[in-house]
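Undergrad: Could you have a look at this structure, given as structure tokens, before my questions?
Bear in mind these aren't lab numbers, they're just calculated from the coordinates by the rules spelled out. The structure presented is a predicted model; accordingly, all values stated were derived computationally and were not measured. When we count neighbours, we look across all protein chains shown, and the Cβ atoms used for this are built from the backbone with ideal geometry, even at glycine.
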2 protein chains.
Amino acid sequence: MARRGRDARRQAREDRRVRWLPELTRGLPFLDVVSDEELDRVHDASCRILEEVGIDFRDDESIAMWKAAGAKVDGYRVYIDRQQLMELISTAPETYTMHSRTAGHDITIGRNKTAFVPAYGAPFVLDMDNKRRNATLEDFDNFAKIAQLEPSMHMAGGVLVEPMDIPVPHRHLEMTKSLLQLSDKPLMGSVTSRERAEQSLHMMGIVHGQEFVRDNCVSTSLANANSPLVWDQTMLDAVKVYGASNQAMLFSPFVLGGASTPASTVGAVAQLSAEALAGVAFMQLVRPGSPSVYGQWTATVAMNSGAPLAGTPEIDHINMLMGQLARRYKLPWRCSGGCSSSKLVDAQAGYESARNMYGVLMAGANFVLSTTGYLESALCQSYAKAMLDGEQMRMMYKLGGGLQMDELDPAMEAVREIEPGDHYLGTDHTLANFESAFFMPELMDGDSYEQWNATGGVDANSRGIAMAQKVLAEYEEPKLPDHTLAELEDYVGRTRAETSEFVS
Amino acid sequence: MARRGRDARRQAREDRRVRWLPELTRGLPFLDVVSDEELDRVHDASCRILEEVGIDFRDDESIAMWKAAGAKVDGYRVYIDRQQLMELISTAPETYTMHSRTAGHDITIGRNKTAFVPAYGAPFVLDMDNKRRNATLEDFDNFAKIAQLEPSMHMAGGVLVEPMDIPVPHRHLEMTKSLLQLSDKPLMGSVTSRERAEQSLHMMGIVHGQEFVRDNCVSTSLANANSPLVWDQTMLDAVKVYGASNQAMLFSPFVLGGASTPASTVGAVAQLSAEALAGVAFMQLVRPGSPSVYGQWTATVAMNSGAPLAGTPEIDHINMLMGQLARRYKLPWRCSGGCSSSKLVDAQAGYESARNMYGVLMAGANFVLSTTGYLESALCQSYAKAMLDGEQMRMMYKLGGGLQMDELDPAMEAVREIEPGDHYLGTDHTLANFESAFFMPELMDGDSYEQWNATGGVDANSRGIAMAQKVLAEYEEPKLPDHTLAELEDYVGRTRAETSEFVS
């Protein structure tokens, strides 16, 4: 048994280089945390916010679009009545599929289909020497490779880290090239200006075909509202670019509960849902039927410092209620997963990330951003934690898949084979089913104290670093055709040359 | 706001010395992970195990009781048909209440009521110098004080640690005295022999009145089956003692999934449920109506070493299915919470404990053992982790309480008070509701890297140790009447003198 176990584990490690899990098909029930009547009350509160308080779209072009659609407008303030709102969101699809450049690896999101996605936007890394420093393009490439090799990651990601060694106006070019070259999973495009979104989309077209990406989804990009109740021009410009080409967008306010929302979980949800629904509705003005993801990400804030917190119970409550609303609205929805405010890969990082992610899985989110490597409330990305979280996500994936009732009859045969007080380790059933029945973590150490001590006595952070080094050494690029790579490189080179290094 | 926040937090810390949370009243829905038909299949499989394979009760007296009750018996093997099984478990109460020696602090368990309980049985401690060593009676006393002061702990606990400096035959006396003296929360009694169970019960009678504890529940003690399918004499003797006095018992096999169960989650549940149901049924033979807790605790095992693992997805599946069965059987049920196989209070300890406990909460367990301090698959108890876990359990408590819909209308007033793009920190609503709306962890550090670094840059383990020192310094004994304490001390002294230090 030990021999077989070791061989199987070695095989599993080797398979990781090629294995890719499809999106999660949920086998657990959804958790409805309030009654239908209570859900109606939250829906009504969101509608009244949009009808009576209004929401700002701080962009002339967007305002003109709302006017043309018949909404009441006052300056940048838009008042959306519930009938118009519901009509607009009804054209958003309940599920959508992102195409991969590798056949058979498309990813579907919505209803009972969920994708796990790496973290987004950290300017710092905690590196493989346990040193915290500015992130670089080399780090970005490394995290792209790690996400490519992690079976539980369904997308290449977006701003895996901020490559601080690249001038801001050039970063999106280098990041998009890295994601398209080093990974064959669907990606997230730049949203920091209309021009950058257009350039990201053009680069996706180099790989997938320019005609193809005008109508077929290969990406999902992130539009954050400025809570409370503001959509700004930068985000709206990105929505116009991607929406016009049927590329999916996330309309999911990132908020500090109690600072940019009322000091109440259900009150926060009423506002966040209004913001997300207004974003989805706007996307449908851009192109009816374009994939629009509802949702939010909330941190609560520390009362003394205003610092964002992860893994608190109110975040779970907000996620669960948002999930129930998303199912009512028949919209795919987004949340964030393995979040922590810790500065180290310590017990806090483990507690917060696991709590957060478990709550998100229970809440039934379809697009889970920030599942790996996340520290310091998104400001820092850790190599060690990226590996630990990747393994955690494989466990979340199996958990979310639900129970396998077809195991029952063969297992009952095994029960009849042995005597009370005996053990099962030698039965044919155990030998045949052990590996598939039970997930075996590689980075969680189950050894006795003595065994663990004898093999170095290291903590989970150290094991994560060692695994990151191993995986990066094993990485093989999913090669683009030579001419495609040359075209990408040429485009990045030319565009960098034409674009000032200084933010205009 | 910062000022108010600091004052409030100081107040909260001071209140901890007296605050005691009632048992959790669940406000989240239960999670039914299989259909009614599938649940029937699992129930049927358990019944067939008890009817056709049988289960050993390795104790002559118990066998005589089963014979008298009309069960088919062959040596120590008992075959319980489903009609008799269902009749017996139908007399076990769906909920029961443990009395506290402090008025108003009774604890009810079952249906939507859940109690959180400290860890059980560790022979080692990871102490406040980060040294791993044998546990002592002083450690036991310290963990009793910590559990007494932790608001989320609803019981004093049982074998908080194994006091290795006390001879085995005397340990239960010292432990029971410590629990009764240092805590006013309900406790767990000794189960390691009939005589020790009787002595534990007598000591409870010294505090609560000997007549009182013959009919009124003040404790819940732990009976572990030997999986697969064996109840041994030691445990059965303890069941006879406690059951006859209406003291609650847990019938919850601790098993290694794949070793002492079939290599299948649903197969494991069919067997575990059969074992637990047989235990509950036996308790009803001892005294119909005595509180009998169904359940289990499962670790999966590492394929290479056979070591127990925590926080794996199959454990969650097993818990969730057992919970659904418990609701079908209308029995209170037990599981274990903050478990980890880590040797340190590192990221692994955080991930595993949080995952395990979150799954147990979702599964709806009514009696959650091992919620605090647990390392090394139950072999080691950590001071730091006891503090970290205690705070986590306060968050689990709030999470399990569900959403507060009555917050919605006042929160909507706050939304109308501010303008889009503004913030809520200055609103009357926020000032009035912030503290109650959002849980503020003390041991999870939300500060920025710079703030954190400037205040020492320590990890969660170090913060946990500091908090343990602080809490132990703040502890005040909930004094027993002098004559009661004298009687306890006299009983322990006399019984120790009469009992050999060597295990007979």
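Undergrad: So the label point sits 7 Å from Cα along the Cα-to-Cβ vector; using that for A:Gln451, what distances do you get to the other copies, in nanometres, sorted shortest first?
TA: Copy-to-copy label distances for A:Gln451: 4.3 nm.
Undergrad: Would you mind working out the magnitude of the charge dipole of chain B relative to its Cα centre, with +1 at each Lys and Arg C-beta and -1 at each Asp and Glu C-beta, to the nearest 20 Debye?
TA: Its charge dipole is roughly 440 debye.
Undergrad: Also, I was wondering about something else. Please give the helix A:460-474 orientation as an angle from the longest Cα principal axis of chain A, in degrees from 0 to 90, rounded to the nearest 10.
TA: On a 0 to 90 degree scale, this one is about 80.
Undergrad: Can you tell me the convex hull volume per residue for chain B, based on C-alpha atoms, in Å³ to the nearest whole number? Don't skip to the answer; put the middle values down first.
TA: Numbers: hull volume 85.3 nm³, N = 504.
Taking only Cα atoms, chain B has a hull volume of 169 Å³ per residue.
Undergrad: Further question on the same structure: Across peptide A:390-400, how many C-beta atoms of other chains are within 10 Å of each residue C-beta, on average?
TA: Partner Cβ neighbours, averaged per residue: 3.
Undergrad: Cα axis of helix B:482-498 to longest principal axis of chain B: angle in degrees, 0 to 90, nearest 10?
TA: 50
Undergrad: Another question, then. What net charge do the residues around B:Thr91 carry, taking every other residue with its C-beta under 12 Å from that of B:Thr91, with Lys and Arg at +1 and Asp and Glu at -1?
TA: Net of charged neighbours comes to 0.
Undergrad: Note the distances from A:Glu417 to each other copy's matching label point, with points 7 Å along the Cα-to-beta-carbon direction, in nm, sorted shortest first.
TA: Relative to the other copies, A:Glu417 has label-point distances of 6.7 nm.
Undergrad: Considering only DSSP states other than H, G, I, E and B, which GluC sites (Glu not before Pro) in the range B:311-415 qualify as loop sites with at most 12 other Cβ atoms within 10 Å?
TA: Qualifying residues, ordered by number: none.
Undergrad: Now a separate question. Quickly work out the B:Ala497-to-A:Ala244 label distance, labels modelled 7 Å from Cα along the C-beta direction, and quote it in nm with one decimal.
TA: Inter-label distance under the simple model: 9.6 nm.
Undergrad: Which residue, chosen from A:Ser193, A:Ala92, A:Gln296, occupies the Cα position most advanced towards the positive end of the dipole of the range A:89-400, where the dipole is computed from +1 (Lys, Arg) and -1 (Asp, Glu) charges on Cβ about the Cα centre?
TA: It is A:Ala92, whose Cα lies furthest towards the positive end.
Undergrad: Please return the longest range in chain B lying between exposed loop sites, taking trypsin sites (Lys or Arg not before Pro), DSSP loop only, at most 10 other beta-carbon atoms within 10 Å, and leaving the sites out.
TA: Answer - B:132-478.
Undergrad: Let me ask something else. Given the pairs A:Lys131/B:Lys398; A:Lys72/A:Lys240; A:Lys343/B:Lys343, which are separated by over 26 angstrom at their Cα positions?
TA: Distance filter (> 26 Å) returns A:Lys131/B:Lys398.
Undergrad: Specify the angular offset, from 0 to 90 degrees and rounded to the nearest 10, of the alpha carbon long axis of helix B:313-329 from the longest principal axis of the alpha carbons in chain B.
TA: Once rounded, one gets 70 degrees.
Undergrad: Right, here's the next one. Looking only at other chains, what is the average number of their beta-carbon atoms within 10 angstrom of each beta-carbon in A:47-56?
TA: 2
Undergrad: Next question, about the same structure. Could you give the length gained on full extension between B:Asp129 and B:Asp60, defined as 0.36 nm per residue of separation minus the Cα-Cα distance, in nm?
TA: Extra length from B:Asp129 to B:Asp60 when fully extended: 19.9 nm.
Undergrad: Then there's this: For the range B:89-400, with the dipole built from +1 on Lys and Arg beta-carbon atoms and -1 on Asp and Glu ones, taken about the Cα centre, which of B:Ala119, B:Ala378, B:Gly209 lies farthest toward the positive end?
TA: Working it through, the farthest residue towards the positive pole turns out to be B:Gly209.
Undergrad: Using a label point 7 Å beyond Cα on the Cα-Cβ vector, give me the inter-copy distances for A:Glu487 in nanometres, one decimal, shortest first.
TA: Result for A:Glu487, in nm, nearest copy first: 9.1.
Undergrad: Pull out a ≥ b ≥ c, the square roots of the eigenvalues of the alpha-carbon gyration tensor of the protein assembly as shown, then state rounded if a/c is under 1.5, prolate if not and a/b is larger than b/c, and oblate in the remaining case.
TA: Prolate shape, in that a/c is at least 1.5 and a/b is the bigger ratio.
Undergrad: Now, a different point. Give the residue from B:Leu173, B:Val241, B:Asn130 lying farthest towards the positive end of the charge dipole for the range B:89-400; charges sit on Cβ (+1 for Lys and Arg, -1 for Asp and Glu) and the dipole is referred to the Cα centre.
TA: So the residue furthest toward the plus end is B:Val241.
Undergrad: Past the 11 angstrom mark, what percentage of all C-alpha to C-alpha distances in the range B:383-424 do you count?
TA: Taking all Cα-Cα pairs of the range B:383-424, the fraction more than 11 Å apart is 73 percent.
Undergrad: Is the shape of the range A:61-158 best called rounded, prolate or oblate, per the rule: a/c under 1.5 gives rounded, else a/b larger than b/c gives prolate, else oblate, with a ≥ b ≥ c the square roots of the Cα gyration tensor eigenvalues?
TA: oblate
Undergrad: Scan chain B for the residue whose Cβ is closest to the axis carrying it onto chain A, then write down that distance in whole angstrom.
TA: Its Cβ sits closest to the axis: B:Gly350, 1.
Undergrad: Sort the range A:371-504 into rounded, prolate or oblate with this rule: let a ≥ b ≥ c be the square roots of the eigenvalues of the Cα gyration tensor; rounded if a/c is under 1.5, and if a/c is not under 1.5, prolate when a/b is larger than b/c, oblate otherwise.
TA: Values: a/c = 3.05, a/b = 2.06, b/c = 1.48.
Prolate is the answer for the range A:371-504, as a/c is 1.5 or above and a/b outweighs b/c.
Undergrad: A further question on this structure: What is the dipole size for the range A:17-94, taken about its Cα centre, with +1 at each Lys and Arg Cβ and -1 at each Asp and Glu Cβ, in debye to the nearest 20? Provide the component values of the computation, followed by the final result.
TA: Values: 10 positive and 17 negative charges, 98 e Å.
Using only the charged Cβ atoms, the result is roughly 480 debye.
Undergrad: Could I ask something else about it? What is the antiparallel percent of DSSP beta bridges lying wholly in the range A:89-400, to the nearest 5?
TA: Antiparallel: roughly 35 percent of the beta bridges in the range A:89-400.
Undergrad: Test of understanding: ordering B:Val168, B:Val34 by Cβ neighbours within 10 Å, fewest first, what list do you get? Intermediate values should be presented prior to the final figure.
TA: Numbers: B:Val168 14, B:Val34 22.
Result, fewest neighbours first: B:Val168, B:Val34.
Undergrad: At a threshold of 8 angstrom on Cα-Cα distance, excluding pairs fewer than six apart, so keeping six or more, what relative contact order does chain A reach in percent?
TA: Reported relative contact order: 18 percent.
Undergrad: How large is the charge dipole for the protein assembly as shown, taken about the Cα centre, if only the Cβ atoms of Lys, Arg (+1) and Asp, Glu (-1) carry charge, to the nearest 20 debye?
TA: 40
Undergrad: Counting only C-alpha contacts under 8 Å and six or more residues apart, can you give the relative contact order of the range B:32-175 as a whole percent? It would help to have the intermediate numbers written out before the result.
TA: Details: 174 pairs, mean separation 22.6, N = 144.
Result for the range B:32-175 is 16 percent.
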